[in-house]
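Since the structure comes first, as structure tokens, the remarks are kept for the end.
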Ligand code: UDP
């Protein structure tokens, strides 16, 4: 019973997102939050913040060996971001659908990246790729008392 409760009410119903520095600088915070809430997601944690270089390196450590890592760290730390934890049934998968493909040239109509991303690197939003990473990334940005 506990496992079932956990899977249906906790583990699979939250994801983590960032509105990246490009979209914040371009004035898209309000429109992106509107797409998120219109998509059926409830905002359970929210803040405007900025990653240090060390924060960005740690957050994207999984990409440390990729050729774009240095550029990604520079980009993600260059200005304010909005961090948020979102709640919805099937949150991780449904949010990946809402944000669209990493490369905006391949992103479907109606997705956040189709509307606001400018390149494969500066692609407006982040969305966790698994329930496990959603929990890790949410905890990276929000103390326990900031998670509602
Ligand atoms: N990225 C990049 N160049 C690439 C691929 C990815 O700059 O060729 C950046 C981009 O900002 C992307 C992030 O690295 O969102 C993480 O890459 P991932 O493949 O995990 O894409 P995502 O899960 O964000 O769609």
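Every number in this text was worked out from the coordinates using simple rules, so none of it is lab data. These numbers were taken from a predicted model, which means no experiment stands behind them. Cβ placement follows ideal geometry from the backbone for every residue including glycine, while neighbour counts extend to all protein chains displayed.
Note down the Stokes-Einstein diffusion coefficient of segment 74-135 in µm²/s, whole number, using a Kirkwood radius over alpha carbon pairs, 4 °C, and 1.567 mPa s. The Stokes-Einstein estimate is 105 µm²/s.
Axis of helix 131-141 versus longest Cα principal axis of the chain: the two differ by about 70°, to the nearest ten degrees. Here is how the number arises for the chain: DSSP H runs of 4 or more residues each give -39500 (n - 2.57), the sum is divided by the residue count, and the result at 222 nm is -10500 deg cm²/dmol. If r is the Cβ-Cβ distance from residue 78 to residue 130 and R0 is 22 Å, what FRET efficiency results, to the nearest 0.05? My answer for the efficiency is 0.25. Per the Debye formula on identical point scatterers at the alpha carbon atoms of the chain, with no solvent, log10 I(q)/I(0) at q = 0.19 Å⁻¹ is -1.20.
For the options 49, 111, 102, a Gaussian network treatment of the chain with springs between C-alpha atoms closer than 10 Å singles out 49 as fluctuating the most. Over the chain, with a Gaussian network built from C-alpha contacts below 10 Å, which listed residue (45, 119, 130) shows the highest mean-square fluctuation? Checking each option, the largest mean-square fluctuation is seen for 119. Using 0.36 nm per residue and subtracting the Cα-Cα separation, the extra length available between residue 101 and residue 62 on full extension is 12.2 nm. With each label modelled as a point 7 angstrom along the Cα→C-beta vector, the residue 109-residue 87 pair spans 3.5 nm.
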